[in-house]
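Below: one structure, written as structure tokens.
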Amino acid sequence: MVSACVLIRTEHGKFEDVVKALNQIKRVKKAFPVLGRYDVVAEVEAADMKELGSTVLRMSRLSGVVFTETLIEVEY
């Protein structure tokens, strides 16, 4: 299992639509608006890196998304 937080910047005024769309994606466990440099954070769990990559690409193509940054959990 691979876990990650995806930081998302949206077009002005589009964060609510993006949060709703993200919460419909199967591997997104939670998506919520935040204050600061980014507008939305999404928690994602995937079976492997390939599944994570395809999920993040799908997220980045949503209407209203400007760009994403993915922070992958590290096991130590």
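Mind checking which residues of region 52-76 are under 12 Å from residue 3 (Cβ atoms), loosely packed, with under 15 Cβ neighbours inside 10 Å and not aliphatic (A, V, I, L, M)? Selection gives 73, 75. Among the residues of region 11-32, those that are within 11 Å of the chain's Cα centre (by Cα) and not basic (Lys, Arg) comprise 18, 19, 21, 22, 23, 25, 28, 31, 32.
Just the residues that are part of a loop (DSSP other than H, G, I, E, B) and surrounded by fewer than 17 Cβ atoms within 10 Å (Cβ to Cβ), please, taken from region 1-37. Correct list: 1, 11, 12, 13, 23, 24, 25, 26, 34, 35, 36, 37. For region 30-51, the count of residues that are in contact (Cβ under 8 Å) with a residue 40 or more places away in the chain and in contact with a Pro (Cβ under 8 Å, 6 or more places away or on another chain) is zero. Pairs linking a residue in region 56-76 that is free of Cβ contacts under 8 Å to residues at least 24 places away in the same chain to a residue that is surrounded by 12 or more Cβ atoms within 10 Å (Cβ to Cβ), with Cβ atoms under 8 Å and 6 or more positions apart or on different chains, are 60/68.
No value in this document is a laboratory result; all are computed from the given coordinates. Note that this is a predicted model, so its numbers are computed, not measured. Note that each Cβ is placed from the backbone with ideal geometry, even for glycine, and that neighbours are counted across all protein chains shown.
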